[in-house]
Amino acid sequence: MGCGPKLGIRRRNASKKHVTNPGASTTQASSTLVMPRVPQKCTHCGGRIDQRLVRWIGPTNLECPYCGSVLEVSFEKIA
């Protein structure tokens, strides 16, 4: 019984797609380019949201810098 890799076993899901951070400028998924659309104003307090200074909470959520509410980002197809 050795400590080396086992031979003859195939790796499952070896061709997984690379997932890009939604904070990036563009994401390619199935030959369709999409871009995240950060809301201009908070839906809770009405505060203006600067796209360059957002704090990302998750892959599709950001935090309002004024009231701390969690806002969802939408995605827009690029031609």
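May I ask you to verify whether LYS41 is at pLDDT 55 or above and among the basic types (Lys, Arg)? Steps first, please.
Details: at pLDDT 55 or above: yes; among the basic types (Lys, Arg): yes.
Yes: the conditions hold for LYS41.
Search the stretch 56-79 for residues being within 14 Å of PRO36 (Cα to Cα) and charged (D, E, K, R), and hand back the single one that is surrounded by the most Cβ atoms within 10 Å (Cβ to Cβ).
Per the criteria, the residue is GLU72.
If I filter the stretch 32-42 down to residues being in contact (Cβ under 8 Å) with a residue 24 or more places away in the chain and surrounded by 12 or more Cβ atoms within 10 Å (Cβ to Cβ), which single residue comes out as nearest to the chain's Cα centre (by Cα)? Break it down stepwise before answering.
Going residue by residue through the stretch 32-42, those that are in contact (Cβ under 8 Å) with a residue 24 or more places away in the chain are 32-39, 42.
Next, from what is left, pick out any that are surrounded by 12 or more Cβ atoms within 10 Å (Cβ to Cβ): 33-36, 38-39, 42.
On the way: LEU33: 14, VAL34: 11, MET35: 10, PRO36: 8, VAL38: 12, PRO39: 15, CYS42: 19 Å.
Here the answer is PRO36.
The values are calculated or read from the model by the stated rules, or taken from the named source; none is laboratory data. If you're wondering where the values come from, they're calculated on a predicted model, not measured in any experiment. Please note: Cβ atoms are built from the backbone with ideal geometry, for glycine as well, and neighbour counts cover all protein chains shown.
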